[in-house]
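One structure below.
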Amino acid sequence: MPQNPTPADTPANTPADTPAGAAAGTPARKAAPAADGRTARGRQTREKIADAMLSLLDEGQTHFPAERVAERAGVSRRLVFHHFADMAELTDIAVGRRMDQLYARIRPLPTEGPREARVAALTEQRARILEWLTPTRLAVMRLENPSDRVLEAVRLMLDFGRVRLAKIFADELDRLPEQRRTDLLNALDAVTTWSAWHHWRSSGLDQEAARRTMGTAVHALLAATDHADADRQNADREDRRAAQDPVDGTPE
């Protein structure tokens with residue numbers, strides 16, 4: 001999960017109550033509160049600036065002049081560059097913060113029980129999160145030169161969603177031979193990610209209709225596994241029959 005570095009993560013912020021701090025003769029317990037306060041304020045300011053960029057991003061903007069971000073955050077332009085080396089670093093931190101917010105919205109989903117309940121739980125959560133994520137995804141698509149960190153955040157998000165699908169529908173997927181299992185997982189992934197959601201919403205479906213459409217697609221795909229066990233047993237019987245009664249292919 002992307003993490004937002006804070007001043008507390010840097011070696012320069014070694015607590016004064018460490019052996020190194022004590023060796024300097026500074027009363028450790030008196031210095032620590034002031035240092036902790038500065039660290040907390042610095043972290044809060046960084047978060048405020050990153051959230052200001054996210055608010056602009058949520059409005060569909062793809063260019064973030066420092067002056068505009070500073071105005072939205074209620075700080076000076078100088079303070080923006082005190083906390084961030086450049087706007088590219090700020091963009092990376094803001095996207096990482098949005099990914100943290102995304103993961104905080106994700107709750108465990110059932111991996112056992114009736115299929116109907118598992119599909120319903122999945123589609124409810126995906127619909128809610130994908131709708132919330134839409135402004136960010138649109139803005140990322142419009143970025144002229146997204147950084148490696150931004151691209152990595154998107155890839156991790158997609159990979160995480162795919163892994164969850166494999167766990168939620170393991171019962172159905174495990175009925176299939178390897179190649180068919182992979183194909184089905186690819187199809188499930190395609191109809192439950194943001195691209196499909198954006199297509200349905202852009203086509204005029206409201207949020208509830210798009211959620212129902214996702215559920216219908218998932219059920220239709222999983223239905224292909226309902227007869228997988230019977231098909232496999234029939235194939236095994238045919239193989240055994242062929243082995244016991246081979247066909248003589250010699251021309252007469």
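Side notes on the structure shown:
- Probe 1.4 Å, accessible area per residue of region 128-222, Å²: 52 Å²
- Each other residue within a Cβ distance under 12 Å of T213 adds +1 if Lys or Arg and -1 if Asp or Glu, for a net charge of +2.
- In the assembled protein chains, L222 presents an accessible area of approximately 0 Å² (probe radius 1.4 Å).
- Along region 42-52 the Karplus relation, 6.51 cos²θ - 1.76 cosθ + 1.60 evaluated at θ = phi - 60°, assigns HN-Hα couplings of x, 5, 5, 5, 4, 5, 4, 5, 5, 5, 5 Hz to successive residues, with x for each Gly and Pro.
- Within the accessible area of region 77-127 (1.4 Å probe), percent carbon and sulfur: 54 percent
- At full extension, E152 and E67 could sit 27.8 nm farther apart than now, given 0.36 nm per residue minus the alpha carbon distance.
- Computed over region 110-233: relative contact order in percent, which uses C-alpha pairs under 8 Å that are six or more apart: 36 percent
The values are calculated or read from the model by the stated rules, or taken from the named source; none is laboratory data. Just so it is clear, the model here is predicted, and its values are computed rather than measured. We place every Cβ from the backbone using ideal geometry, glycine too, and count neighbours over all the protein chains shown. These accessible areas exclude ligands, DNA and RNA; they are computed on the full protein's heavy atoms, side chains included. Shrake-Rupley method; radii C 1.70, N 1.55, O 1.52, S 1.80 Å.
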